[in-house]
Structure formats: C-alpha cells, structure tokens
Amino acid sequence: MKRNLFNYVLSGVLAVVLSIGFAGCGEDYDDSKLTADIGAVKADLEKAKGDLESAKTSLSGQIADVKDAASAQAIEKSVEAIDKLLKGDAEEPVKFEDLAPILGQLIVLSGQLEGLESALESASRAKDLLLTKADTDKLTWAEVLIGYHTRIANLELQANVLGLAQKEDEGKYSFSEGLLKDIWSEITLLKGVAPGEGGEFNYDAIAKALIGVDEFIDTIIAAISDVNPDLVTLEAKINALITGISYYETGANRDLGFNLVTSLVDNTFGEGRSGAITFTTKKTGEGVTTASVIVQVTPANAVLNKDNVVLINSQGKTDVGEYIKAYNVEPYTDLALITSRAGTSASGLYKVTFTLDDKYDARKLGALTTKDKTTVNEGVVSGREVAFAIAVESKSDAGSRYVATVFNTGISVRSNPESIYNDWGYTADGKHVVTLRNKYEAGGSVKEKIWLSKTSAKSNVDPTIESSTKDAESDEQRKGAGKTILPVSLGEDLKVAIAGFAATADAGVVTAATGTDVVAAARKTILAYYIDFDTKFATDTEKALWTNASISGLDKVYSSDETAVITTSDPSLAGKEVGYRVYAVNYNGTLVDPDGKAFYVSYSKEALKGASLDFVYTVTTGTADELPVDGTKPAGVVTSTAIDLVYPEGLDVSKIDGYELSIDVKHHTPNNTNFNANDLVRYSATGEVHNWVDTKQLAVTNIDLTKLSDDGDTYPGTLSLKDASGHALINYPVTLKKVLPTKFPVDGLKLNNNRVIAANGYVNVTGVISTTYDFLGDLDNASPNATTFNAVASNLVFIAEYLGDDKKPTEEIIEYNGTAGPVVHKFEWSIAGVPTTLRSAFHQDIAVTVGYNYGAVSSDVAEYIVRSTLSYTLHFASSIEGAKYDWTSADVSWDKNATAVTNKLIYTKGTPTITWGSASYTPIASITMTIGSVSAPLKISDSSFGTTNALSDLYGGVVYGDAVNGGKLHFIDAEGNSLEVTLRVGNSGNVITVDIGDIVAGPGVDIDSVPDKDTFAPEKATLYLPIKDTAGNVWIEPIITFVPTVN
C-alpha cells in the first residue's frame, strides 16, 4: 500500500466508511437470510468465548510471570467484549466495528499463547459471515480496521506487562514518564479519546490524529499484508479515491493539438532515459505525436495514473480512446510547487500527456471529434469541434464510473513538418545560453558543429556525416570574458528551459519585428530535449568526476514546453565546475543542432537555510492613500509590512555581495514578471538602508494587490543572499499573501436625525430635489466623532437597491464625486438628465446600505467594498406621488382583449413597428390620471387637451417636444426577454417612435435562446412617460400595462 494513499484513507475513508459501513444488516445483507446469518455469527462467537475461557483456565494454573498475567487479563477483556455482543434480542444485528477489536485482541494473543487458534478461527468465521455481501472496497477497509485494532491490542498488552512489572520493582516505570507513558499516549491517540478517558472509539478523531504517524501506518500495512497480500496494494482502488478533477489552465491550453510528422530517421532520442523517443523512418512512433493538459485532482494527495485516464464526450462515450490514449501522467512542478512523496503532487496538479495511437486513422478520428460533419478532400472530416472531458475511470462489476472535468477539450491534428536547425536556444537559471560560457574558442582543436543547411531537413539526418555539418560560427565561441559560468550552490535547483534564438527573446514576449512570441514558436517547433555532460570538451579527470557524482535531472527526456530541474548535493563537486550539454530534437526525428549547446556551472558548498520570511500585506483604510495615482506606478502597488531578518550562526554577513528574490506570482506589475531583486526594501533600526550588515528588517514592495488572491492564498518563493562570485550563502524560504478586511472599518455610524422621520430609519424626501441628491447628508457627521467620520467619509459608498423599469432588482453604487471644501464630501445621485433606469427608482422605497470602498485591492472586482450594518430606507416623493392611470372611457383601450377595436396597439415583428388601429388616434389623450379623489385626462406640459384640467395644481403635465425623448414602451415575452422602444410625445398627444433597442435576455435565459426581432412575440407591454410635478421635477412614470396585438 502506498503510504501517502493510506494517509488519505485515514483522513476520509476511515472516518466515514469504517465507522458505519459494516453493520450486520443493510446493504451487505440479504434480508431473507438475516436471522440465520446473525444466529450463525453468534454461534461462532459463543464458541470463541468458550475457547477463550478454557485458555484462561489453563493459563491461570501456570502463571509464571507478568507476561502471562497480562495475557490472562487480555483474555478476560475479550470474553467481556464477546459477552456484550451476545446480549440482546436474537435478531439484533452484530456490528463489524464491534467485532474488529475482538479480532485484533485474538490475533495478538494467539501470537503469544498456544490454544487460541480455535477461538481466532471462530471469530474470523463470524467476521466472514458479517461481510458475506461486502464489496472489495469494504473487504479492504475491514482488514484495515482489524489491523489497527491489532496494533491497539498489542500496545495494551505491553502496557499491562509493564504495569504489572512496576508492582514488583517500584520506580522502574511510571505512568507519568518513560516508556509506559509513551505507550499509553499512543493508545489514547489510536482510540481517538483524550488521555485518561475511556468510552467508545472516536473514529473521526482517530482519522485526524493518525495523519503523519508513520510507525502506525507501517504497522497497519504489515498487518494487512499478513492477512491478505492481494489487498495491500489497493492498485485497483486508487482511482476510486479521486473525488474530483478539473482543468488547471484556461482557454486553448485545455485543447489537445497533435502534430503528425513522419520521421526521417531511425533513432532513439535520449536512449536509456525515461521518456526516450524512438523514431522509425517513414512512420510516426508512439510518444512522438503528443499533446498535454494540466489538471488538478482532489483530494490533492490522491494518485493519478495513466491507466485509468480517458477522454469522454458529453454522451459518456470513450470511442476516441481507440486512436488517442494517455501516454504519460506525472506530477506537475513547473510552478515552483513542492512535490510530496514519490509519485504524488502535493498540490494535486498533474501533467497528462496523450499520444496518437498506431491505429490512427484521420477519417475515423475526424468523425469522432467533429460535429455538423462534412467530408472534404481525401476523406478528411471537417466541422465544429466536439468538446471532450478528461476523466478518471473506476471499473467494477457494475461497470465504469467516471469523475470528469467539464467538457472543454477540443482535439485537432495538424501536419506541420517545420523544423528548426542551428537557430535555437535555452535558458539556465533564467540566463540565455548565448550569455553563458562554454569551452569553444577560435583556433581550438575541438570544434562545436552546426548543420550546413538551415532548411534542408533531409540533409540533416545524420550528424556523423561530415558533409552535413560545419564548424560553428563565432557566436558559439563563448569561452572568453563576458560569458558567465553559472554560480550554483549544492542542493540548489538549476532550471533549464527551451527559449528563442536571441538572448532578448524572453518567454511570453512578442517581438515587434516579427509580431510573434519567439519562445512559444520555438517550443511549438521543437519536440523534446535532454541534458548530458559536456564530454566533448572535458578532460578524463572531469569526466570521471562528473559521471561518478550523484546528479538528478539528467535521466529524463523533457518535452519542449517543460522545465528541466538539475540538482546535486554531492560534496565532491564543491568548488568544481561541471559542463552540461543540451540536445534537442524536431518532430521528424532530426536533431536541432548536430552536437547540442553547452554551458558551465560552478558549484559551491551547500548554502545555509534561513527561517521562513512570511510577508503579509493587510489592506486597511490607509491602503487608499498608499495606492499611487500619479502615473509612476499602476494603481494597486503597495509595500508589505516589514518583518525581522535573522542571520543564523555561521553566516559571514560581510561576504554578502548581492541577492536574488523570487516569488511565484505571475504577471507581477509593473514589469509583468515575477518578483525580483528590485522588489525588496531593507531597513535598519533608523530607516531604509542599502547594505546587509545594517539590515534588521525586510519588506516586499511593488506588490500589485490585484494579482494576489482574495482568498488569502500563500505564494511561495526564495530569497537568496549571494557572495561576490554569485554563489548562494544562505537561502530563505519566502511566502507572500494578502489579507482583505471583512468588516466595516469603524463602529458607531448613525443617521442624521434631521432627515430621519421614523425610528426604523426611514428617510422621506419631498420637494427638495432639483438636480442631485447628496447621500452623505443622510448620515450624522459627528458620529462616532467628527475626526473619525471625516477620515473615512471620502471612501464611503451608498448602495441603493430598488426595482428597475423592468421590475427586476437593480443596484446602484453612489461614490464620492468631489469636495466643496475641506470636509464637505459629495455623494450625489444626479436627477436631471440621468438614465431612466435611475429615475424609475423614484416613487418607491429604496433600500440603502452604507459601505466602505477599499479601492483597487481585489483580484475579483474593480473596487473592494465592505458593507456596514447601517441600512435605511430612502423614498423620493412629490405632488404626483401615488397617481393612478386608466383609460378615459370604457370603450378605449390598447389591450388586444379589449372590446374597442380601432384603438388597439399593434406590434409588428421584423423591423419592428408600433401602430394603432386608427391612424388619426392620439393615444395620450385617451389616458386619465387620478390623484387622491381627483381625476382628469392627461395634459401636455403647458397646454391641455381640453379647456380645463382638474389636476393643474398638482402636476405640470406630460413633457413633450422634439428634444424630449424621455418616454418609452417596454415589451416582454413569455420567457422574460424584453425590448425597449424610446419615444416622445407630440404636442397633439400623438406618440412618435425615436429608437428601437435590442432584445435583452430574460432572467436565466441562455443567450443562444434569445429570439431575434423576426420572432420576438411580446405578451405584455408598459408605457412610461416623463411627467413634471409642481416643483418642476421630471419623473419617469409607469402609466399603463397592457397586452399588445402582435402581427
């Protein structure tokens, strides 16, 4: 059994399955046999009890030492436990979890005493009856449970022996110290109870407590191996432990794109290394045509292997697996993530590599990977891509079960025979190979070689043919001054990655000259690479030193998009130089460079390890002032809290000549790289310094808060302090995280008593609005005190929630918009000329909550706002408050179901158009307005439809004219999709269409299901008109709701 797998078993399965999954009734039992089975179980337990009592009787006559006495006590305990199981009703179920301790006790005792074989056999037979219908999983966990109870029984026997011995030799052992204390501590740990407590086993506590107790895990594994060797590996169950799998990357990185290129050579690239690629002339070998995707599994320490990874479509079919199969699965560590025990990714990240099978058939695969298929030239199938999911398959007698990602992987096959010759490069520790030293020099007897032709692939199949190669040019003569021998400390990772040809061609950089990312282009063209020693230029002494040293990372072939990591702690290399040579291969099997490219490393003794430097930036009310707005840095860039720097014993601080800071945060601004040496600030006791002797504290600066997770994720890194040669003297592990506030920054805000008209916080505004409303006036500016209030005032926000024109919940955030003096802050909601969606909030209760805006500090939202507990209701009222609208007479209506025929509103699909049944009809004149008990026909602003209007003292009329487009018709269909028509009112009461908007999806309606204007069929419509009150304010009023006629 894999030990990390067992850790998972303890943390999940033991706590859930073992404690409840082995009852003597339920799914493991056939009800028709229940009584017989329980009877048989109890009969076996009776026999075991009798055998135990006989053994105890025999033992009591010959007890010669404390070991026998302790065994007698253990037998008595087992008899008592069996007695407990045998009590009760004849049909009462016997639970396996109660039988397991007895079995554990008998296993231990039978190893100590003779005469208990029969008792153990009877108890085992009872166990088998209890698990008659248990599946393989439960049988496995049953053995686990017995194994750990065996461990407990063994420890208790030891404790009893020691306790009895203590009676004969006072002081030899004590329950408060020494071995006996340690044993009892482990017993209480295994039982899941507090020291000194008894009672039932606490399986949940057991599971949590045992994580990481390696000796216990080893014991259980051994115990299960003894009982059933076939169950111990659990290989068939590994994938059943995976409860979730998801993509780690987004977009195109989820797709599998295969480059199908025929080989020009017969060769094994990287022979003897893992991942070696065999090329066969005129064929495409397995593992040559590959594509990868990064996934994350849960739990993180579950093991993913290639045998159970499949591709499935949305119908659950795996037919594509006949042509594409998983080729390799390995923990993904390219993001500086630490890998746990061998084969398991601590982060749950895996790189899954698929390959085209030898059975590949373009037409058949195309038929499986495309929909809306059309067959084109030479039988190739084209159409839209079918979306696949990456799935983990678990097989059982009931069939296959899949845990899968979402369906977001497209499959494509291209044939791009393009190759790179000579013009390639790589980086080592971030330094481009053209800047690194080799041993090639002008006039030297040993030559670096390059291909004679950069374009003819067929000419570059064999590097041993002299006519195909020539001496490398001067740019490869890198032995002289100005070229770097990389300084590396023993134990330090040396990372190598394929790059572009030029030293300035960094990963992710699009060059202005070509408009392409040259690194991405190189990695797309090159298939793979590996690293060896530079034996071409090495002396025999160097070769012997290098080949005898223990160095990891040289035994693998890497894909071109993968980072190689070379590590050694071999003391024989301290103070020595080692030459490495990198070889790369194209998809057609030809070498990118006939003899690779070399670089050299200088190793120093292993660097000291410092205590972790845990940098934290906590967002506060002061963060807004720290965020620069002068354009010198992007908004969001801040400096962490300074923390103490401790130099360990043995470090000569005077030798520190430089440093390197690396924290794995992608797209760190302002330079879109990871953190580096420019992002560290040093402090002495009196202020910032620029030397290490006086440095007492450190802080990380240039932190872009918008790039750090809002969930408090910790980003790992390293601070390496180096000597003058560039070797690390000490490495400090580094972490960085952001902490966001979760509560409003101050307590004690109150509403302004001059505005509140009710104890429950109701603010009613009448006749005071002309153009704007200042929300800050709703608050008491002296609470909790004037200083505190003014300190936070400019960052307050007011969140207004109300029903919009479409009767859907609408939210507006009103922010600080200027100051009219040192402490007069304006939070104005504009009335005049604002969009109608804001005006529709008037004449209804608006829920307002006060919040605090911490600014651009979030990775998820543009502005991070925390709401306070202070909420109130705001209501804008006027002289037309509560007005009602209806038709002027019973025979007038726009509704299609009304008896009036000529005046119905007609909505015509297509353009669309709005008309009425009668061309001479003036719609507005047909509407009556009622305020209180007074009714009258609507009037146009300063003129009326009739000679008098009973409401003239209450409102100024409907706003009309060519420049007033404030009215609208809002149409809604059965699914909630809507269309808005902007209109204005003519001076005779007619309605003029100004603009017809787009159709907006209704709540929960998929965008692909929204009808177009040719098919949109509204079932309800509402008319809105701009109406003036007596104070001259314009209100957008919902007037009439009706069912339109649709043509």
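Under a point spin-label approximation (7 Å from Cα along Cα-to-Cβ), what is the Ser1009-Asn897 distance to one decimal in nm?
With each label point 7 Å from Cα toward Cβ, the separation is 2.5 nm.
Report, as a whole number in µm² per second, the diffusion coefficient that Stokes-Einstein gives for the range 671-748 at 25 °C and 0.890 mPa s using the Kirkwood radius over alpha carbon pairs.
It comes out at roughly 162 µm²/s.
Which of the peptides 737-744, 702-709 is most tightly packed, and how do the rest follow, going by the mean number of other Cβ atoms within 10 Å of each residue?
Top to bottom by mean Cβ count within 10 Å: 702-709, 737-744.
Give the peptides 773-784, 881-892 in descending order of average Cβ contacts within 10 Å, highest first.
Final packing ranking: 773-784, 881-892.
For a quick check: sort Glu542, Glu476 by the number of other beta carbons within 10 angstrom, fewest at the front.
Final ranking by Cβ density, sparse to dense: Glu542, Glu476.
As an exercise, use a Förster radius of 22 Å and the Cβ-Cβ distance of Lys364 and Ser415 to find the FRET efficiency, rounded to the nearest 0.05.
Given R0 = 22 Å and the Cβ-Cβ separation, E is 0.85.
Please arrange Phe971, Phe501 by how many other C-beta atoms lie within 10 Å of their C-beta, fewest to most. Please list the in-between numbers first.
Working: Phe971 24, Phe501 17.
Going from least to most buried by this count: Phe501, Phe971.
Please name whichever of Tyr647, Val616, Pro716 sits farthest to the positive end of the charge dipole of the range 609-739, dipole taken about the Cα centre and charges placed at Cβ: Lys and Arg +1, Asp and Glu -1.
Selected residue: Pro716.
In which sequence would His690, His843, His970 go, from the one with the fewest C-beta neighbours within 10 Å to the one with the most? Could you put the intermediate results ahead of the total?
Values: His690 8, His843 18, His970 21.
So the residues, fewest neighbours to most, are His690, His843, His970.
What's the center-to-center distance, using Cα atoms, between the range 946-1018 and the range 705-763 in Å?
For the range 946-1018 versus the range 705-763, the Cα centre distance is 47 Å.
Pairs Lys431/Lys483; Lys439/Lys576; Lys896/Lys939: which are spaced more than 22 Å apart, C-alpha to C-alpha? Let's see the in-between values first.
Numbers: Lys431/Lys483 11 Å; Lys439/Lys576 15 Å; Lys896/Lys939 25 Å.
The pairs that break the limit, which is 22 Å between Cα atoms, are Lys896/Lys939.
Every read-out reported here was derived from the displayed coordinates using simple, explicitly stated rules and does not represent laboratory data. This structure is a prediction, so every number in the text was calculated from the model and none was measured. Virtual Cβ from ideal backbone geometry, glycine too; neighbours counted across all protein chains shown.
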